[in-house]
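Here is the structure we will look at.
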Amino acid sequence: MEIISCWRCRSRAVFFTMLIVMVVAPRVRAGENGASVYPIGVETVMPGMTPPPHGTMLYEYTAFVAANQTDNPNGNAVPVEFRLRVFANAIKLNHNWGVHLLGGTLESNIAIPFVDQQLHVIPGLFSKFAVTNVDISPLGLAYVRGHFHFYYEGDLYFPGTGHSSTDVLNIGQNNYAAGPVGGITYLAGKEEISSKLQYLINLKDVPTNYQSGQEFMWEFDGMHEVHKKVAVGINGYLYKQTTNDLMNNLVYNNGNRGRDLGLGPEVRFNLITHGGFAVKYLHDMLVENKPPTNAFWFQLAVPISVGHHE
């Protein structure tokens, strides 16, 4: 790692690091200050599945995320002291209304994340606990066609709590965002292959006059059943910021476009009908304009109402 000897160079590097590490839980991603309203990597457990008509599912997500550096646009570590630790919990409710439309059934969901976060940079240690960006999908369409389970919807993201433009550490983004989302899960015998795709358009953070670029996200998993109630495989994601960040309607920091590829193992336990839990690990690679992270996840799915297939 290159050593910065002059005080002015070190000061500029510290300022750059502090600027990009205003993070979103449970993951650090692209957009304003290196973050996104969506925690990429969260939906890699059968992401195409939705409740049957009149069914309701409760999901719980727990994550521990660690990063010890932040990478520049060339994928190289910025040579300053940096350590990030995130502990996050989120709950999600997904309900299928049983209303038929365009060959599918209407469904809705809401996800609310709670995050405790610590950031250590040269000025000191900073910590915060808050509710981060809430994700609401008012209406979507869910389908089952043979071995395929899939849906498409429009998601809306809202600012979280405890955000201040003067704080070194913030949890979540202080802007609204929206975009199309689609997920598909293929189940046949002992095999499962799933994907979730979404494209996010960020609105301007009014207090700072900053607008994050648009974002493409692909989450996926491939699993094999090794026991009647246990499946193992891989999970991952690809993140790419497709347009530039803007400050006062001008391109900021050469666009500040983020990129990330995450991969790791996943184990799923189907202990109850329509429910169970999963544990997984994700390691970041090919990172640009982001802190590369290591993340450990525990995810739980419990049916509140099993509904019925029509």
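The values are calculated or read from the model by the stated rules, or taken from the named source; none is laboratory data. Here the structure is a predicted model, which means the values were calculated and not measured. Every residue, glycine among them, receives a Cβ derived from its backbone with ideal geometry; neighbour counts consider all protein chains shown.
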The residue that is nearest to Pro47 (Cα to Cα), considering only those in segment 87-138 that are among the hydroxyl-bearing types (Ser, Thr, Tyr), in a strand (DSSP E or B) and in contact (Cβ under 8 Å) with a residue 40 or more places away in the chain, is Ser137
- [ ] With the condition kept exactly as written, say whether any residue in segment 211-231 is of a type in the set (A, V, I, L, M, F, W, C) and farther than 30 Å from Gly275 by Cβ.
- [x] yes
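Each row is one residue, and each column tells you yes or no for (1) surrounded by 15 or more Cβ atoms within 10 Å (Cβ to Cβ); (2) more than 26 Å from Tyr252 (Cα to Cα); (3) of a type outside the set (S, T, N, Q); (4) in contact with a Ser or Thr (Cβ under 9 Å, 6 or more places away or on another chain).
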residue: Gln69; (1), (2), (3), (4): yes, no, no, no
residue: Val86; (1), (2), (3), (4): yes, yes, yes, yes
residue: Asn96; (1), (2), (3), (4): yes, yes, no, yes
residue: Gln117; (1), (2), (3), (4): yes, yes, no, yes
residue: Lys128; (1), (2), (3), (4): yes, yes, yes, no
residue: Thr132; (1), (2), (3), (4): yes, no, no, yes
residue: Pro138; (1), (2), (3), (4): no, yes, yes, yes
residue: Thr166; (1), (2), (3), (4): no, no, no, no
Picked from segment 155-202 (must be of a type in the set (Ser, Thr, Tyr) and farther than 27 Å from Ala142 by Cβ), the residue modelled with the highest pLDDT is Thr161
Checked Gly307, Gly276 against criteria (touching a Pro at 6+ places or on another chain (Cβ under 6 Å) and within 30 Å of Val99 (Cβ to Cβ)); the one match is Gly307
Of the candidates Glu191, Glu225, the one satisfying the condition of being touching a residue at least 12 places away in the same chain (Cβ under 8 Å), in contact with a Lys or Arg (Cβ under 9 Å, 6 or more places away or on another chain) and acidic (Asp, Glu) is Glu225
Only one of Gly222, Gly262, Gly258 is under 19 Å from the mean Cα position of the chain (by Cα), under 25 Å from Asn74 (Cα atoms) and at pLDDT 95 or above, namely Gly262
Taking segment 140-152 and the residues there that are of a type outside the set (Gly, Ala, Ser) and either under 19 Å from Gln69 (Cα atoms) or within 21 Å of the chain's Cα centre (by Cα) (or both), the one that is surrounded by the fewest Cβ atoms within 10 Å (Cβ to Cβ) would be Tyr152
Scanning segment 38-64 residue by residue, those under 14 Å from Ala88 (Cα atoms) and among the β-branched types (Val, Ile, Thr) turn out to be Ile40, Val42, Thr62
